[in-house]
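Below is one structure, written out as structure tokens; the observations come after it.
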Amino acid sequence: MDLGLRGKWALVCGASKGLGLGCARALVQEGVNVLMVARGREQLETSATELIAACADSTGASVLFCAQDITTEAGRAAVFAVRGDFDIVVTNAGGPPTGNFRDWDRDAWIKAVDANMLTPIELIKATVDGMAARGFGRVVNITSSAVKSPIDILGLSNGARSGLTGFVAGVARSSLAAQGVTINNLLPGAFDTDRLRSTLQGTAQKSGQPLDAVTDQRRQAIPARRFGTPDEFGAVCAFLCSRQAGYITGQNVLVDGGAYPGTF
Ligand code: NAD
């Protein structure tokens, strides 16, 4: 299927590894020009170079990168100084730490809300009116299955991302919907990335069980009996960005190997 995205420009955040890199790769494979953002320059440059070698040469897509902390105003200003207009924005940043809610003070909450709620809202604010004026736009927020099915040690994530989910539900149904702009959330279940490994480490520490045992239990609890891959996640992201997905907006799309047990 041709997703109709060749020549579009995408901003992909948290793109040096894991799910963000999976999204960047899938978009570049569709001929989308991508500006990749992450904090660490070395890993980001390595990933961008790999993408250029693997796909961009064959699709003609441009790959740029910008090492910035997307959760800061200065970081976002530096990113928008590279390029101001985007047809596609994939919002993403590291998830908050695991822990016990009794230990989280105001600063911990502000940090989580900043990274996982206010930063995507700022990125939406900065880009959607330009998209609407051009008659095409796609925003995909990488959130978490924890929005639908909370995990106790991830309380900071459960709380902050639910705030974003409520905001998106409203703004996606605003006048933007009639101007070709869709805004959706993509909810990962368990994907094989560094983030999952550190979450499993947190569970192992809390329960006193070996990491291998905790990892296996988590895998066995998923109907698919495996963790997802960043490429599988990226493919769903690319579809949500496609021309064909123009009638999908304001949705929370769960990609979790069947782990969520509800009918709806
Ligand atoms: P990851 O740790 O593998 O990668 C995170 C990426 O984001 C890296 O490129 C990192 O450099 C970048 N990043 C982190 N903070 C940043 C910041 N402030 N500014 C710019 N870039 C930043 O994580 P992942 O598994 O790809 O997860 C991506 C998101 O999805 C996270 O928010 C995570 O909590 C969430 N999530 C992941 C899973 C999973 O199983 N992997 C499940 C549910 C939710």
State whether the residues of the range 150-172 include one that is over 19 Å from the mean Cα position of the chain (by Cα) and either open to solvent by less than 10 Å² (accessible area, probe 1.4 Å) or closer than 26 Å to R226 by Cα (or both). yes
Could you give me the residue pairs with C-beta distances under 8 Å whose first residue belongs to the range 123-144 and is surrounded by fewer than 21 Cβ atoms within 10 Å (Cβ to Cβ), whose second residue is among the β-branched types (V, I, T) wherever it lies, and which are 6+ apart or on separate chains? A132/V181; F136/V181
Could we say that G95 is assigned to a loop (DSSP other than H, G, I, E, B), open to solvent by less than 70 Å² (accessible area, probe 1.4 Å), under 29 Å from V181 (Cα atoms) and in contact (Cβ under 8 Å) with a residue 24 or more places away in the chain here? yes
So is Q209 out of contact with any Gly (no Cβ under 9 Å at 6 or more places or on another chain), over 25 Å from L51 (Cβ atoms) and in a helix (DSSP H, G or I) or not? no
Kindly indicate the residue of the range 198-220 that is out of contact with any helix residue (DSSP H, G or I) (no Cβ under 8 Å at 6 or more places or on another chain) and within 12 Å of the ligand (Cβ to nearest atom) and also nearest to V171 (Cα to Cα) among those meeting that condition. S198
Any chance the range 64-73 includes a residue that's open to solvent by 10 Å² or more (accessible area, probe 1.4 Å), within 16 Å of the ligand (Cβ to nearest atom) and assigned to a helix (DSSP H, G or I)? yes
What residue, among those in the range 74-86 that are open to solvent by 30 Å² or more (accessible area, probe 1.4 Å) and not in a helix (DSSP H, G or I), is nearest to A133 (Cα to Cα)? D85
Criterion: away from the ligand (no atom under 15 Å from the Cβ), in contact (Cβ under 8 Å) with a residue 60 or more places away in the chain and among the aromatic types (F, W, Y) - qualifying residue of F239, F167: F239
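The values are calculated or read from the model by the stated rules, or taken from the named source; none is laboratory data. These figures come from a predicted structure and were not determined experimentally. Cβ: placed from backbone, ideal geometry, glycine included. Neighbour counts: every protein chain shown. Areas reflect the complete protein model, heavy atoms only, side chains present, ligands, DNA and RNA absent. Shrake-Rupley method; radii C 1.70, N 1.55, O 1.52, S 1.80 Å.
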